[in-house]
Each structure stands twice: as structure tokens, then as C-alpha cells.
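Below is one structure, written out as C-alpha cells; comments come after it.
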Amino acid sequence: MTIDVRPASDFADVRAVLGPKSPGANVCWCLSYRIPSKLNKELHGPARGEYVAGLCRADPAPGVLAYDGDEPVGWAAVSPRSDTSFARNRKIPHVDDLPVWSLWCVRVRPGHRKQGISHALIAGAVEFARAHGAPAVEAYPLDNGDARVDLTMAYAGLRKNFERAGFTYAAATTSVLAGHPRILMRLALR
């Protein structure tokens, strides 16, 4: 299988990976860290998808999609940290003043897992950030060791996957997700 990673500018493909089965359902759409908390609480059902459609029309796109042929099989959210709630997050520290990009969500569709797609998504997100001038990319994965992680909460990624991609430990955080501590990892691009 050859996985191709491209900017997430096609809303239909983003919807295939992130959208709900029922159009009126309230799902994350990967907006939780992207928009202010107040707006996140105000957007319901189809309004969430409409907001994401607008992001897909913007430059840069809100992330990257992995494709197996023409089928979208995975998603990674990557954006300048200054454009996310991580810019103000008290649990995840700032290492320095570099205008880093954040990579905070890696999602692979059911039926396509355990095929290396998350690795391709991380690499594709890094290249996307590099192409847009990012000096470094940060991630905030779970430091779960060998412990299993509930798939619904594994969106933040796992430390070992980011280590394989060349990221290194940069700082501890006070953030905990699914009972596992999150750490700040970074990959310098310049």
C-alpha cells in the first residue's frame, strides 16, 4: 500500500474522516484546540461541519489527509501554535519564543489501522509545516509506555510514534489524557 499525504483542502474528504455518521450529531471535528472555548460550545451539529468547510477553503489548510488511492483514510491537525488554544494553555508550557507549529491530532479510520498510516500522517504534517515556514513542530502525545490506550483518546498520538519520526522530549506538561501524562515533544525544522 502506498499512502499519499496531502493538504486537507477537500471538505468532502475531511468529512469522510472526521464527520459524524448522522449529519446533526455533535462531534469534535478537531475543533477543540483550534477555536476559542466559547465558540466551540456555541457550534452545534451541522454548524461545526460548516465551520470546518471554511477552514478547508483557507490557506493554509487546517491539516493533512492520508489517502490510500483516492480514499481518505487518515487526518492530522497541524497549525501554527499561535492559532490554537495551545497558545494560551496553562498545562502545556512554551519552551521558547519560536513561532512553532502544533501537531495535536492524528486519526486513522477504522479498517485502516495498524498499516503505518499514522506514521505517514506525522511525516506529512511535518512536511506541510516545513513548506509553510515553520521553524519547528511540537506535539503533545501520551507518554503511555507499553500501556494500552483507548482508541478514542489516542488522537493526541503516542510518544513512541513521535520518537520514530525524529521528535525529541522537550518538556513535561501537567496535562493528562485517558489517565496518561502528556509530554511536549519537538522536531526542529531549521
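Some points to look at:
- The chain: projected area of the alpha-carbon convex hull, averaged over directions, in nm²: 10.4 nm²
- Considering only the chain, percent of DSSP beta bridges that pair antiparallel, nearest 5: 90 percent
- Prolate/oblate/rounded label for the range 1-105 (Cα gyration tensor, a/c 1.5): oblate
- Kirkwood hydrodynamic radius of the range 62-117, Cα pairs, Å: 12.9 Å
- If you run the Gaussian network model on the chain, springs between alpha carbon atoms under 10 Å, then out of Pro135, Pro46, Pro110 the most flexible one is Pro110.
- Here the range 68-184 has 50 percent of its accessible surface on carbon and sulfur atoms, given a 1.4 Å probe and all protein chains in place.
- Accessible area of Ile35 in the full protein assembly, 1.4 Å probe (Å², nearest 10): 0 Å²
- The chain: relative contact order in percent, alpha carbon pairs under 8 Å with at least 6 residues between: 20 percent
- Taken about its Cα centre, the range 117-190 carries a charge dipole of roughly 140 debye when the Cβ of each Lys and Arg holds +1 and the Cβ of each Asp and Glu holds -1.
- Most to least accessible of Met185, Met1 (protein chains only, probe 1.4 Å): Met1, Met185
- Taking all protein chains together and a 1.4 Å probe, the residues His112, His119 rank His119, His112 from largest to smallest accessible area.
- Per residue of the chain, the DSSP helices (runs of n ≥ 4 H) give a summed -39500 (n - 2.57) that works out to -7000 deg cm²/dmol at 222 nm.
- Dipole of the range 110-190, positive direction: furthest Cα of Phe128, Leu184, Ala171, with charges on the beta-carbon: Phe128
- The chain, accessible area per residue, ligands and nucleic acids excluded (1.4 Å, Å²): 50 Å²
- Simple point charges give the picture: +1 on the Cβ of Lys and Arg, -1 on the Cβ of Asp and Glu, and for the range 23-148 a dipole about the Cα centre of about 480 debye.
The values are calculated or read from the model by the stated rules, or taken from the named source; none is laboratory data. The model shown is predicted, which means the values in this text are computed figures rather than measured ones. Quick reminder, even Gly has a Cβ in these numbers, built from the backbone with ideal geometry, and neighbours come from all protein chains shown. Only protein heavy atoms, including side chains, enter the accessible area calculation; ligands, DNA and RNA are left aside. Shrake-Rupley method; radii C 1.70, N 1.55, O 1.52, S 1.80 Å.
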